[in-house]
Each structure stands twice: as C-alpha cells, then as structure tokens.
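Participant: Got a structure for you, written out below as structure tokens; questions coming shortly.
Readers should treat all values here as calculations from the given coordinates under stated rules, not as data from a laboratory. From a predicted model like this one, the values you see are computed outputs, not experimental measurements. Cβ coordinates were reconstructed from backbone atoms using ideal geometry, including for glycine residues, and neighbour counts include every protein chain displayed.
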Amino acid sequence: DAGVTQSPTHLIKTRGQQVTLRCSPKSGHDTVSWYQQALGQGPQFIFQYYEEEERQRGNFPDRFSGHQFPNYSSELNVNALLLGDSALYLCASSLVRNSNQPQHFGDGTRLSIL
Amino acid sequence: GNSVTQMEGPVTLSEEAFLTINCTYTATGYPSLFWYVQYPGEGLQLLLKATKADDKGSNKGFEATYRKETTSFHLEKGSVQVSDSAVYFCARSNYGGATNKLIFGTGTLLAVQP
C-alpha cells in the first residue's frame, strides 16, 4: 500500500523562476493538501484540493497555485520565486468521507532559491 | 496569529527519563488534536490523535489527553529512548474533521542522550 509520494525530493531554483512540485496521494485517498515548512518552523497550510477544485486556501499569495487531476494526484506551482520561498513543501492526503482519520504526509520536496 | 502554542525546545533528556511537551490551543468549536513527529530529513508522521474532549490518544508509549477546560493536549512518555530524538509538532484541525486544514505549533526538538 503506497503512501504519499512527492517529487522531486530536492530542487534548486533562482529568483524569478517558476517551479512545479508533484504529489501522489496514499492509495484510496481523494483529498490533497499542501503545506510550506520554513526552516525551524511548523508547517503552514497553503491550500487543499478535492474533486479537482481548490476547497480551502491559507494566507499565501496568488503566485502559489495548484491543480488536482482525475487520478487525485496534485501539483503545486509557484511563480516568480522569491528567496523566502525556500522551504520544505509537504503534501498530505486524506479521505473526505472519513473525517476522523488523519492526514498522511509525504517526505516533502526541499526547495532552495538562490 | 498562531493558535497552537508549544513549549520551546530543545528539550534534552537522558535515556529513560520522563517526557512532557506542553501544547495549548485556541479554537472555536471542537477541533481534533494531533501530535506529529518529524525525524531528520523526513516528512511528518502521525504519532497520536484525539477527536473529542477527554479522549486520550496513545501510541508507542506516548500519550496525550484532550483537555477542553484547559485547552491543552500535552504529550507525555514515561521512559524516553535515544530513538525518540526528533521534532514533535502539536496540531489542531480547523474544524471538527481531520480532512480540514491543520494548524501546527512551531515544533519542539527532543534530544535524548544515552
């Protein structure tokens, strides 16, 4: 039973560039959430996707956008990268009809902006 | 502001010592509460959870009780091991269901010495 998988594991970009991060949810899950974890901090909620639509959004600018595909996998896109976007980006999946079960996290993508 | 507050680390203990990591939250309604653990270079793993007042979550010798009257969810373990060294995050769900966004504390680094 595959857990949440994210790719790539590490990525280096320069300011102003654009990046796409990918996430495959745990088998059987239909909801994907994205979090940003800056060094030494707790994860901050970016947004959540269900039925291919953004359902909730945290306090992040429009440079952060996402997509969910029919197979429930998801992408996180960040445009016009800033130095402050350097962080670990975590994907979490869950099943919407089983609200008492927790979200499962992947190992994250470490994004470094030079 | 952050609605989950954890004690600051690092917490340094000798093997077999008693562990307490304090966590308090602010919320309207009845959120679910969680402790996640993050080992170096990895994503978050769910350690335990509680979904209603007076529930006790437990796993791998760790325990935490959902105290609505004190809005707390302190993590305890009677005898820590070197392998417990990690960063521990307290979190609450935004609403009652676990599929809604998680709000995390800043994390507490635990270092257990042999």
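Participant: Any residue that is in contact (Cβ under 8 Å) with a residue 60 or more places away in the chain, over 24 Å from B:Ser83 (Cα atoms) and either of a type in the set (D, E, K, R) or within 14 Å of chain A (Cβ to nearest Cβ) (or both) - is there at least one of those in region B:14-26?
Facilitator: yes
Participant: Can you say whether A:Gly28 is more than 24 Å from B:Thr106 (Cβ to Cβ), assigned to a loop (DSSP other than H, G, I, E, B) and in contact with a Lys or Arg (Cβ under 6 Å, 6 or more places away or on another chain), as far as the supplied structure shows?
Facilitator: So A:Gly28 fails the test.
Participant: Within region B:29-114, considering only strands (runs of 3 or more DSSP E) that don't extend past its boundaries, which have at least 1 residues that are within 8 Å of chain A (Cβ to nearest Cβ) and under 25 Å from A:Thr31 (Cβ atoms)?
Facilitator: B:33-38, B:44-50, B:86-93, B:102-104
Okay, residues lined up against (1) surrounded by fewer than 21 Cβ atoms within 10 Å (Cβ to Cβ); (2) in contact with an Asp or Glu (Cβ under 7 Å, 6 or more places away or on another chain); (3) farther than 22 Å from A:Gly58 by Cβ; (4) of a type in the set (A, V, I, L, M):
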residue: A:Thr5; (1), (2), (3), (4): yes, no, yes, no
residue: A:Pro8; (1), (2), (3), (4): yes, no, yes, no
residue: A:Leu11; (1), (2), (3), (4): yes, no, no, yes
residue: A:Arg15; (1), (2), (3), (4): yes, no, yes, no
residue: A:Thr20; (1), (2), (3), (4): yes, yes, no, no
residue: A:Asp30; (1), (2), (3), (4): yes, no, no, no
residue: A:Tyr35; (1), (2), (3), (4): no, no, no, no
residue: A:Leu39; (1), (2), (3), (4): yes, no, no, yes
residue: A:Gly42; (1), (2), (3), (4): no, no, no, no
